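K.L.:
Before I ask anything, here is the structure I am working with.
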Amino acid sequence: MFGPRVLSTPAAGGSSSTSAEAGAPSSRVAGYALGVSGLVIAVQTRRPGARLEYVGGSRAFLVEGVPADLQLEVDWRELDARPEGRALFDSGGVWRSFEVEGGVVLRFHDASVGAFPYKEARLDASGRCGVVLLDPRACPPERPVDPLEFPLDELLFQRLLAARGGIELHAVGIVEPASGRGYLFAGQSGDGKTTTARLWQETVGAAILSDDRIVLRREDGGGWRMHGTPWHGEAELALPTSAPLAGIFVLARGERNALVPMSPARAVAALLARGFPAFHDAPATARLVRRLQALAGEVPCRRFPFVPDGEAVRFILRAVA
């Protein structure tokens, strides 16, 4: 699904950064930078004749003239099938992570090309620079390739967010048209995120920052802000904008629309279950829990069992008016 095929587009629902603008022309460059929630990752190659490529949803998140929080050099090298270092995490799918002296290695596999990884990202201990190595047997250097193809782009931004106090959640982000305030609808698979996003599409003036992944970061003034991401879901909605966060709704299927207050403890547990905790990293997970505790103590959080029709949107608009 996320193999080394050039210009591959994962199936809908895979939150790919490459399918929000299906069929859109791609750009071939020696380097580019992506910005999400005020954080920037830049990639470049100095290999003569090689071209990097970005397509689809990532195009809307391109930035220029902004200092990079993570700078990556892209090169090609045959990669060994045997990993080095201490195993940190195995996703059970395409990627695994390892701790090596002086940093971390993320390795990406596709069974269709053999036992060797088709791509490797090596980050130094500072987390500010590194290299992306592409195996030429899977990714020929004469063909354009997106070095940050999902899930690497999201994994790298998750590391930056963990270091900079951000939170990523499985959620829909709606900017309410009357006030410009942001409301987050958090949900696990099957809870109705895509349905919620499509219902809000019918509301004139509402903006949908994402139908699947939202980033929350505290503003300098102390409040929380909700940011769109390129990692969309089935509705393929993604905007590189943000809004002040005014409320959180935890989605649930119901026989009628209702808002059920949640205690801070219940809210933290619900959001943690809809987040991206690094369970292999106990200190990082503890920091995430503390951030969720601060969030739940500062932003109203309610459970929202709902009926999937237009009345659910009107119900929320009345509640937040």
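K.L.:
Hydrophobic (A, V, I, L, M, F, W, C) and in a helix (DSSP H, G or I): is that true of Val289 in this structure?
P.N.:
yes
K.L.:
Restricting attention to region 265-315, which residues are aromatic (Phe, Trp, Tyr) and surrounded by fewer than 16 Cβ atoms within 10 Å (Cβ to Cβ)?
P.N.:
Result: Phe279, single match.
Every residue, every condition in (1) modelled with pLDDT of 95 or more; (2) farther than 19 Å from Arg274 by Cα; (3) among the β-branched types (Val, Ile, Thr); (4) not assigned by TED's automatic domain parsing to the domain that holds Phe276, yes or no:
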site	(1), (2), (3), (4)
Ala197	yes, no, no, no
Ala207	yes, yes, no, no
Ile214	yes, no, yes, no
Arg217	yes, no, no, no
Asp220	no, yes, no, no
Arg225	yes, no, no, no
Thr229	yes, no, yes, no
Pro240	yes, yes, no, no
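K.L.:
Continuing with this model, one more query. Looking at Arg181, Arg143, Arg122 in this structure, which one is surrounded by fewer than 22 Cβ atoms within 10 Å (Cβ to Cβ), in contact (Cβ under 8 Å) with a residue 60 or more places away in the chain and out of contact with any helix residue (DSSP H, G or I) (no Cβ under 9 Å at 6 or more places or on another chain)?
P.N.:
None of the other options fit; the residue is Arg143.
K.L.:
Next question, about the same structure. Is it the case that region 61-74 has a residue that's acidic (Asp, Glu), surrounded by fewer than 17 Cβ atoms within 10 Å (Cβ to Cβ) and either within 22 Å of Val29 (Cβ to Cβ) or in contact (Cβ under 8 Å) with a residue 24 or more places away in the chain (or both)?
P.N.:
Applying the first criterion (acidic (Asp, Glu)) to region 61-74 yields 64, 69, 73.
Those left that are additionally surrounded by fewer than 17 Cβ atoms within 10 Å (Cβ to Cβ): 64.
Now restrict to residues that are either within 22 Å of Val29 (Cβ to Cβ) or in contact (Cβ under 8 Å) with a residue 24 or more places away in the chain (or both): 64.
Yes, region 61-74 contains a residue that is acidic (Asp, Glu), surrounded by fewer than 17 Cβ atoms within 10 Å (Cβ to Cβ) and either within 22 Å of Val29 (Cβ to Cβ) or in contact (Cβ under 8 Å) with a residue 24 or more places away in the chain (or both).
K.L.:
Please tell me if Val104 is out of contact with any Pro (no Cβ under 8 Å at 6 or more places or on another chain), in a loop (DSSP other than H, G, I, E, B) and either within 14 Å of Leu123 (Cβ to Cβ) or among the aliphatic types (A, V, I, L, M) (or both). Full working, then the answer.
P.N.:
On the way: out of contact with any Pro (no Cβ under 8 Å at 6 or more places or on another chain): yes; in a loop (DSSP other than H, G, I, E, B): no; either within 14 Å of Leu123 (Cβ to Cβ) or among the aliphatic types (A, V, I, L, M) (or both): yes.
For Val104, the condition - out of contact with any Pro (no Cβ under 8 Å at 6 or more places or on another chain), in a loop (DSSP other than H, G, I, E, B) and either within 14 Å of Leu123 (Cβ to Cβ) or among the aliphatic types (A, V, I, L, M) (or both) - is not met.
K.L.:
Across region 277-293, which residue is farthest from Met226 (Cα to Cα) among those that are in contact with a strand residue (DSSP E or B) (Cβ under 8 Å, 6 or more places away or on another chain) and either modelled with pLDDT of 95 or more or small (Gly, Ala, Ser) (or both)?
P.N.:
Applying the filter and picking the extreme gives Ala278.
K.L.:
Further question on the same structure: Within region 152-161, is there a residue that is surrounded by fewer than 22 Cβ atoms within 10 Å (Cβ to Cβ), out of contact with any Gly (no Cβ under 6 Å at 6 or more places or on another chain) and not in a helix (DSSP H, G or I)?
P.N.:
no
The values are calculated or read from the model by the stated rules, or taken from the named source; none is laboratory data. These figures come from a predicted structure and were not determined experimentally. Using ideal geometry, Cβ is built from the backbone for each residue, glycine included, and neighbour counts are taken over all protein chains shown.
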